[in-house]
Each structure stands twice: as C-alpha cells, then as structure tokens.
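The values are calculated or read from the model by the stated rules, or taken from the named source; none is laboratory data. Source: prediction; values computed, not measured. Here the Cβ positions follow ideal geometry from the backbone for every residue, glycine too, while neighbour counts run over all protein chains shown. Calculation scope for accessible area: heavy atoms of the full protein, side chains included, ligands and nucleic acids excluded. Shrake-Rupley method; radii C 1.70, N 1.55, O 1.52, S 1.80 Å.
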Amino acid sequence: MSVSSPSLTGRSRPLAPLVLLLGSSLCIWLVWSGQTLAFLFAALFTMLLAGFPVAIALGGSSLLFVYVTGQVPDFVVAHRMINGIDSFPLLAIPFFILAGVLMNGAGITHRLFNFANALLGWMRGGLGHVNIGASIIFSGMSGAAVADAGGLGTIEIKAMRERGYEPEFAVGITAASSTIGPIIPPSLPLVIYGVMASASIGQLFVAGLIPGLIMAVTLMVMVGWIARRRGYARDTQFNLRRLWSTFTRAFLSLMTPVIIVGGILSSAFTPTEAAIAAVVYALFLGLIVYRSLPLRRLVRLSMETIETTAVILLVVAAASIFSWILISNQFTSHFAAVLTGYTDNPFVILLLMTLIMLVVGCFMETIAAITILVPVLLPVAMEIGVDPVHFGIIMVLNLMIGLLTPPVGMVLYVLSRVSGEPFERCLRGTVPFLVPLVISLLLVTFVPALSMWLPSLIYR
C-alpha cells in the first residue's frame, strides 16, 4: 500500500478554470498594489484550489514570487530546493516507508491483528479495541497513518463487518486509530519536523510515546461508550492458550518496534540507521522466516516505495523554498509580533497556534504543512517558552486530526477506497472519534510533562 494520496498528486476539479481566473485577477491586483507576500499566498491557494499537486503549487508560487519581485536570480529557487532535501536524517523516510510496505506485503499485519484480537477482543465492542491495539503495534513499524489505514484497515474493516458492526463505526475507528501511527515512533512527520526545526529526532520519537498511548486510551473509552449504547457484544472469550499461541506466531513481528525504539534509546544507532535496520529485519522475516514475500512482489513494493519517496521529497524541496522566502522577507517576525501584540498570555497564544494548525491540517497535506508552519510558528512557540520537542508533538498531533477532516482528509479517501463506502459516510463515522483525539490534543498541548518527561529522563 503506497502512502501517496490525492492531496499529493492533485485532483481534477470542475471549477478549476473559474478558480484560476479569479485567483489570477487577485494576484495581478496584489502585485500592482505592492503586496508581494500576500501575492505569494494568493498564488499558492489559487493553485491548490484549482487542483494543482501540492509540490507544483508550492514551487510554482515561489517561482512566480521570485520573478515578480526580482529579489534574487531565478536559479536560486533550484539551489534552495536542492539544499532543502540535502539532509542525512531525511534518508530515514524511504527506509521507514519501505519497512512499512514490506510488513504489509509479507502478511505480517495478519499476525499482529490476530494477536491484538486475542489480547483485547474479549472487551465489549471487542474488535473496536482490537483495531486500536493493532494500530499501536503497527505504529512501531511504519510511522505513516495512511500505511496503517491501507494495510491494517483492509483486515480490520472486513473482520468488523463479518461480526455485524456498522460500516460507519468500522471505518470511523479505523481512521481514528491510524492517527496513532505518526505519534508513536517511528514517525515520518516527526523526521520532517526534526529536520526543519533542527531538533533531535531521537528526543521527538521518545516524546511521542506517552501522547500516543493517551490517544489510544481515550479512543478505547469512546469505543466502550459507543459499544454500550449500541449493544455491541464481546467478540471472543479471553483464552490464555489462544493468547500465547497468537503471541508466539507474532513474536518475531513484535520485535520490530523493539529493535527500532530500543536501538534509538540505547544509542545503538541513529533514527536513520534504525530505519535501515527495520528494512533488513522486515526482509529477513518476509524472505527467510515466513517466506511470504515473493521476489516479484518485492520488486513491486520497492517501486511503490521509490514513487512515494519521490513525491514526499518533492513536496519537502518545494516547501523549503517557500519557507525560505517567508523567512527572508521577515514574515515570521511580523507574524510573531501580531500574535504577541494581540495577547501576552502564553496559553492563549498556544491555543491560537493550535487553531491555526488545525485549520491548515484540514486544507494541506501533512508534510507540506510542517515545512511551511515550522519557520512561522516555532519562533513564536520558543518565545513563549515552549520546548521545540514538545511543540513538534503538538504540531504533528494537530495535523493528524487534519487527516480525518475534509477537504483533504487523506485517510478518509484511502478508507473509502478500501471499504467501498462513500466518502461522506466515512466522514460521518469518524466524527465521534474526533472528540477523544481533540481531548488528547488539549492534554498534550497544555501539560508539557506528558511529552517531555521521557526525553528528560533518557536524554538528561
């Protein structure tokens, strides 16, 4: 399952010509009136609303800004884009993606689901809890919400339908639980944030553990409440022998997050090296131990990884030039002055930034949003005393909620395709689970210890 999405590749829109006409008129007026930064944003959103791919919209609006203002030669755009992806930590991205698709391709997700079912299926609304438990386990292997939704989602939704769960409930909990993946390490969005913010990726990974578990607990409370209201029964009886049997079959798969997280915490290797180790281990399981990964499928999965990596890095490269323009034109300073001028209360400022990130997450793909928001919001956060590691968890959690909301709603589009349910029905089933996710977000945002306790304990 590739982690590409409609928001990355662009979608055709029937109103695109009208949007381009109105947007172009606005852009011309902004240039004529000398409002060049406003022109930059107008050009960006015109392209996005017209259905341009995110990378083209970011790079195209930046190039137009350079042409209009004449501040720098146009070759600087290419130079800054290359510098934007010239980073060793970014090598973790293709390897974590490959590790996730190899786990899916080798059928390891079935073993994980069976173990989670034996562990949690005895609870009321059992498969809803199993859904969450499987996402916690798989999050230690993939680091991408869409990989979770596309890989585990197929198994989970089918099993829940067969047990008589409503399709909306099955899709909703699958969508919500998939957002745990990028919070619990490893995490592709946290790698991007760490590179953009010059923050320790190891500390970011550790900081995500407790918030990820909080998300899981709040989701399980919601599942339990819904199960009681709708009369969902327990799907299985707790059986120690069955639990042990599924555990032994899944044991080698369960060692993947132990290798990744344990290796990073013990300083045995860096996050990038951990990604490589995850790929080697996934190949070992798929080719040698389980023998469930034919060479032909391996080639196809490798090509999927190359395609997805290219799309993601193109977005990062294009967003890096956009961010550089904002910084060089002191937009971040002006934005900080506006926020701090409005109020000097750190809690209010943090709440305002949270609202901004939630709104941006509804309209923009996660990686592009991170590369644009970090240079704008991080200086403000640091000015009011928020640790960059803590702010990274806040930002990623905000943007994960955006994956469940239109118009982008990447996870919902994937699950709509996987389940065969209309997008609107998938959205309706997801709405109740936004409540525990928002509660988790507020807890993590305003109780820094939830994110910072483990990093301070391990990296002191």
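Here is the figure for segment 285-298: residues that are assigned to a helix (DSSP H, G or I) and either open to solvent by 90 Å² or more (accessible area, probe 1.4 Å) or of a type in the set (S, T, N, Q) (or both) total 3. Taking the criterion of being open to solvent by 20 Å² or more (accessible area, probe 1.4 Å) and farther than 30 Å from GLY286 by Cβ, the residues of segment 225-253 that qualify are TRP225, ARG228, ARG229, ARG230, GLY231, TYR232, ALA233, ARG234, GLN237, PHE238.
Of everything in segment 384-436 that's aliphatic (A, V, I, L, M) and open to solvent by 30 Å² or more (accessible area, probe 1.4 Å), which residue is nearest to the chain's Cα centre (by Cα)? Residue satisfying both the conditions and the ranking: LEU434.
In a residue-by-residue description of segment 418-435, the property of being touching a Leu at 6+ places or on another chain (Cβ under 8 Å), within 25 Å of VAL195 (Cα to Cα) and assigned to a helix (DSSP H, G or I) applies to no position.
Across segment 263-270, not a single residue is classified as open to solvent by 50 Å² or more (accessible area, probe 1.4 Å), under 25 Å from SER177 (Cα atoms) and under 21 Å from the mean Cα position of the chain (by Cα).
If you go through segment 334-352 and keep only what is under 24 Å from ILE321 (Cα atoms) and either modelled with pLDDT of 85 or more or open to solvent by 70 Å² or more (accessible area, probe 1.4 Å) (or both), you end up with HIS334, VAL338.
Candidates VAL316, VAL380: the one that is surrounded by 14 or more Cβ atoms within 10 Å (Cβ to Cβ), at pLDDT 85 or above and not aromatic (Phe, Trp, Tyr) is VAL380. Considering only residues in segment 173-207 that are polar (S, T, N, Q) and open to solvent by less than 10 Å² (accessible area, probe 1.4 Å), the one that is farthest from GLY153 (Cα to Cα) turns out to be SER187.
Do we have any residue at all in segment 18-41 that's under 17 Å from LEU314 (Cα atoms) and surrounded by 15 or more Cβ atoms within 10 Å (Cβ to Cβ)? Taking every residue of segment 18-41 in turn, none turns out to be under 17 Å from LEU314 (Cα atoms) and surrounded by 15 or more Cβ atoms within 10 Å (Cβ to Cβ).
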